[in-house]
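Down below is the structure, laid out as structure tokens.
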Amino acid sequence: MLHFSGFPEDLKKNIGYVLTDIDDTLTNDGRLPSVVFTAMEDLKKAGIRIVPITGRPAGWCDHIARMWPIDGLVGENGAFYFSYDGTRKKMLRRYWKPEKGRRSDRKKLDKIKQEILKKIPGCAVASDQAYREADLAIDYCEDVPPLSMQEAEEIVKCFMKSGARAKISSIHVNGWFGDYDKLAMTRLLFEEVFNESLESVKDQVIFTGDSPNDAPMFGYFPNSVGVANVIHFRGKMTNEPAWITEKEGGYGFAEMVETLLSRPSAKKLSEASNSARLL
């Protein structure tokens with residue numbers, strides 16, 4: 001991982017989208033620092049589209065899509081995307097599975113939930129579960145005393161044994177039924193909201209994250225960035241980010257945005273010009 005302060009000027013000019021995880025990427029100790037909203041506003045002013053990619057529930061995502069300065073978001077680890085049109089006062093909701101399929105999955109997830117709670121002492125159903133439409137979130141360190149990574153991996157095994165997919169975030173283990181993830185739903189959002197093929201514009205994207213459930217995005221986007229706390233998961237992710245910030249969480253995100261939007265000083269430009277003439 002390279003320090004993001006060295007992100008090249010020619011790549012900065014090409015960036016048109018910032019995709020970002022939320023928990024422990026935009027937050028510090030569960031809170032959004034004010035610098036995060038300032039950073040998002042700065043991105044909007046620069047004409048860069050912002051899309052959170054999160055494991056948080058549908059109920060939260062409806063609020064975020066309406067209230068934050070963003071252009072859409074992917075929630076529940078890829079179960080859906082929401083995009084709010086403020087001019088038409090209309091929310092676009094796109095789910096991977098129809099409502100009937102989600103209801104069927106819920107019955108199976110309820111059975112898995114009982115097994116996990118019985119087998120892994122100390123974990124709990126996530127406090128935001130009531131607002132979820134497609135997955136089951138098991139809390140291993142948000143509102144419960146932190147469990148070990150080994151115990152989090154045991155929760156993953158319980159999901160997988162029943163045929164579900166599962167990912168570890170910085171706070172929860174999320175499980176679901178379906179062949180989707182954050183990246184798959186991001187592809188749909190780009191096609192249906194931005195009228196762009198994600199493959200054709202991925203070099204114009206920065207993705208920021210902090211944990212193993214961000215690994216598919218780290219692996220796909222050349223300009224992937226981990227906030228400093230991603231280092232806690234080093235060696236536990238299938239893909240690691242190309243770049244890393246000095247600061248953790250939301251302060252790391254703000255650091256990334258400041259660097260992205262910065263331009264070389266007149267002195268540096270002059271030095272570069274002189275170097276070019278010497279060559």
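Laboratory data are not the source of any read-out in this text; all were calculated from the coordinates shown. Values in this document were obtained by computation on a predicted structure and should not be read as measured data. Neighbour counts run over all protein chains shown; Cβ positions are idealised from the backbone, glycine included.
Data for the structure
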read-out: With at most 12 neighbouring Cβ atoms within 10 Å, loop trypsin sites (Lys or Arg not before Pro) (DSSP) excluded, longest segment of the chain; value: 90-233
read-out: Part-to-part distance (alpha-carbon centres) for region 48-74 and region 92-149, which is given in Å; value: 20
read-out: Proxy reagent accessibility, fewest Cβ within 10 Å first, across S262, S83; value: S262, S83
read-out: Karplus-derived HN-Hα couplings along region 214-220 (A = 6.51, B = -1.76, C = 1.60, θ = phi - 60°), whole Hz, x at Gly and Pro; value: 8, 4, x, 6, 4, x, 7
read-out: Within the chain, percent of DSSP bridges classed antiparallel, to nearest 5; value: 55
read-out: Overall form of region 143-266 per C-alpha gyration tensor (a/c, 1.5; a/b vs b/c); value: oblate
read-out: Value of relative contact order over the chain, rounded to a whole percent, pairs C-alpha under 8 Å and six or more apart; value: 23
read-out: Coil-residue chymotrypsin sites (Phe, Trp or Tyr not before Pro) of region 11-113, DSSP, other Cβ within 10 Å capped at 10; value: none
read-out: Region 67-212 shape via C-alpha gyration tensor axes, a/c threshold 1.5; value: prolate
read-out: Beta bridges per DSSP with both ends in region 130-239, % antiparallel, nearest 5; value: 75
read-out: Proxy reagent accessibility, fewest Cβ within 10 Å first, across C61, C141, C158; value: C141, C158, C61
read-out: Count of lysine pairs in region 1-139 with Cα separation under 25 Å (8 or more residues apart, or interchain); value: 22
read-out: Degrees separating the helix 266-278 axis from the principal Cα axis of the chain, which is the longest one; value: 60
